[in-house]
Amino acid sequence: MKKTFFTAAILAAATAFAADNVQTTTPQPVAQPKDKSWTHFVGAGVTVPVSKYNVEGSDFSLVSAGLNLSYMGISKSGFAVRADLSSGATFTDDVKYNEKEDADVGTYVAGEVGLGYGFVNTPDWTVAVFATVGVEGSVFTRDTETYKHPDLGKVDWTRSVTLGALTLGGDLVVRKALGNHVGVFASVGGRWAPVAVWLLTDEYDNDDVNRKDTFKSDKSDGGFTVVPTVGAMWSF
């Protein structure tokens, strides 16, 4: 009987000691991910713009090919912004350095910014349209040659022809996700050129002088450019 009583007393003391030393843990709430107010996209692709301008009553048709870098942002409300830059080579049969020499291959560059709306912006698909404003230009440069200038004497002579335009238009962009961040995209844009400019620049250079003479014509009926682009696009 004494042994049973002694054992019960030990168990009671141990239980009380354990209860005094147990720390009560309050469950912490799990942090929920915040809804993103904007989704950002960066694209890199290949573009093949096709342009046609009319300057001084003459038509100039150009086909270009190059690389395109772009940014697109879409808010939760659907409001969207876009900016892109393209650069590459341009080809034509309509630009001439003089009556006998054609300028077949040149350099193309273009940049646009736009505002628009994202109709679809899900983890799998993104579809957005934009109104854009931008500039584009193609430069054709003749190989430098030695020339006897009537005023400057013997000089190195370089001639270039530039076709440029201010553009207004729109873009449609469609993106398909392939993973958490990477995807592919295609876009097509139409550009109206209310103003097109033709420049011919002669540069003369020797040990004593460097001179540029530029002839400009902006008597233009404008033109247009169609801009298809495909490539990869990352979201973050």
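For the chain, what is one quarter of the convex hull surface built on the Cα atoms, given in nm²?
Reported value for the Cα convex hull: 25.1 nm².
Can you compute the FRET efficiency between Val63 and Lys176 using 1/(1 + (r/R0)^6), with r the Cβ-Cβ distance and R0 = 35 Å? Round to the nearest 0.05.
The pair Val63/Lys176 has a calculated efficiency of 0.80.
Its residue count N fixes a reference of 2.2 N^0.38 Å for the stretch 96-236, and the Cα radius of gyration divided by that reference is 1.49.
Between Asp93 and Lys148, the modelled labels are 3.8 nm apart [label points 7 Å from Cα along Cα→Cβ]. Count Lys and Arg as plus one, Asp and Glu as minus one, and take only other residues whose Cβ is under 14 Å from that of Gly183; the net charge is then +1.
Within the stretch 101-136, which residues have the backbone N less than 19 Å from the label spot 7 Å out from Lys36 along Cα→beta-carbon, could you tell me? Counting only backbone N, you get 116-129. Rg/Rh, computed from the Cα trace of the stretch 164-236 with Rh as the Kirkwood radius, has the value 1.29.
FRET efficiency for the pair Phe119 and Leu166, taken as 1/(1 + (r/R0)^6) with r the Cβ-Cβ distance and R0 = 30 Å, rounds to 0.60. For the stretch 139-193, the direction-averaged projected area of the alpha-carbon convex hull comes to 7.6 nm². Within the chain, count lysine pairs with alpha carbon atoms under 22 angstrom apart where the residues are 8 or more positions apart or belong to different chains. Value for the chain: 15. Working from Cα pairs under 8 Å separated by at least six residues, relative contact order for the chain is 19 percent. Exposed loop sites here are trypsin sites (Lys or Arg not before Pro) assigned a DSSP state other than H, G, I, E or B and surrounded by at most 15 other beta carbons within 10 Å; excluding them, the longest clear run of the chain is 143-218. Computed over protein heavy atoms with a 1.4 Å probe, the carbon and sulfur contribution to the accessible area of the chain reaches 62%. What's the local net charge at Thr214, with K and R +1, D and E -1, over the other residues with C-beta under 13 Å away? Net charge in that neighbourhood comes out at 0.
Think of it as helices only: each DSSP H run of n ≥ 4 in the chain is worth -39500 (n - 2.57), and spread over all residues that comes to -3000 deg cm²/dmol at 222 nm. Per residue, the chain exposes 60 Å² of accessible surface when a 1.4 Å probe is rolled over the protein heavy atoms with every protein chain present. Using a Förster distance of 45 Å, how high is the FRET efficiency between Leu199 and Ala44, based on the Cβ-Cβ distance and rounded to 0.05? Once rounded, the FRET efficiency stands at 0.90.
The values are calculated or read from the model by the stated rules, or taken from the named source; none is laboratory data. On a predicted model such as this, the values are computed, not experimentally measured, just so you know. All Cβ positions, even for glycine, are placed from backbone atoms using ideal geometry, and neighbour counts span all protein chains on display. All accessible areas refer to the heavy atoms of the entire protein, side chains included, with ligands and DNA or RNA removed. Shrake-Rupley method; radii C 1.70, N 1.55, O 1.52, S 1.80 Å.
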